[in-house]
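Undergrad: I have a structure here, written as structure tokens, and I will follow up with some questions on it.
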Ligand SMILES: C[S@@+](CC[C@H](N)C(=O)[O-])C[C@H]1O[C@@H](n2cnc3c(N)ncnc32)[C@H](O)[C@@H]1O
């Protein structure tokens, strides 16, 4: 096991093996693979649409960074992209670093706790902020705190892409309202339906630097 989250269920404690979790991408047809396609496409399009010059991407809890790697593979603007993928698990981070180096040398991987704002601050603000695979693994309060802080982590006009499962109770309606309240406008919301996965895309319209920046965004359950 390469690390993971612990979740109490009655008398047992379940641990998520994140390396094993990533293998679910490999069949290429399952729900996670479909979600990855959507996230990848959002990032690819956002890089295309970014103003000329440097495009600053930041991905929290990036895992193997398959979304960034897919988006940047043969992308005509890959050379413009800089930023970081922050991942706690050193083995997953090493995989991400190898793959990213091949497609976008301006992106690097930071091994560490992406919930710790101090780790993130030197790498902000972002033009594209990727929050994939986080909101289903942290408390509702942590989701709210991360959303409230997200615009301050970005340039005005930035794209934020987020994911969350829609298993009952479906938190996505509240998440979408919380992004509105934080100063974002929704660009897209894609989901096969209730009980399934969801990908949201937000544009930062009103940035309130420092206003809602806590010292910690989230901790995985
Ligand atoms: C559900 S996976 C998502 C991976 C990737 N974003 C994706 O969507 O394919 C969650 C990832 O978060 C990482 N992780 C968990 N807690 C973290 C933390 N505090 N800081 C950074 N990464 C963390 C895990 O190691 C795992 O790779």
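Undergrad: I'd like the full set of residues that are in a loop (DSSP other than H, G, I, E, B) and more than 8 Å from the ligand (Cβ to nearest atom), limited to region 17-66.
TA: Within region 17-66, 17, 24, 26, 27, 28, 29, 30, 50, 51, 52, 53, 54 qualify.
Undergrad: The conditions are (1) in contact with a helix residue (DSSP H, G or I) (Cβ under 7 Å, 6 or more places away or on another chain); (2) within 22 Å of residue 164 (Cα to Cα), and residue 75 fails exactly one of them. Which is it?
TA: Only one criterion is unmet by residue 75, namely (2).
Undergrad: Something else about it: Among the candidates 142, 113, 127, which residue alone is crowded, with 18+ Cβ neighbours inside 10 Å, closer than 28 Å to residue 33 by Cβ and away from the ligand (no atom under 11 Å from the Cβ)?
TA: Answer to the check: 127.
Undergrad: Got a sec? Which strands (runs of 3 or more DSSP E) wholly within region 76-170 have at least 3 residues that are at pLDDT 95 or above and within 14 Å of the chain's Cα centre (by Cα)?
TA: 81-87, 126-131, 154-165
Undergrad: Can you tell me which of 212, 191, 206 is at pLDDT below 95 and over 18 Å from residue 60 (Cβ atoms)?
TA: Exactly one of 212, 191, 206 is at pLDDT below 95 and over 18 Å from residue 60 (Cβ atoms), namely 206.
The values are calculated or read from the model by the stated rules, or taken from the named source; none is laboratory data. If you're wondering where the values come from, they're calculated on a predicted model, not measured in any experiment. Backbone-built Cβ (ideal geometry, glycine too); neighbour counts: all protein chains shown.
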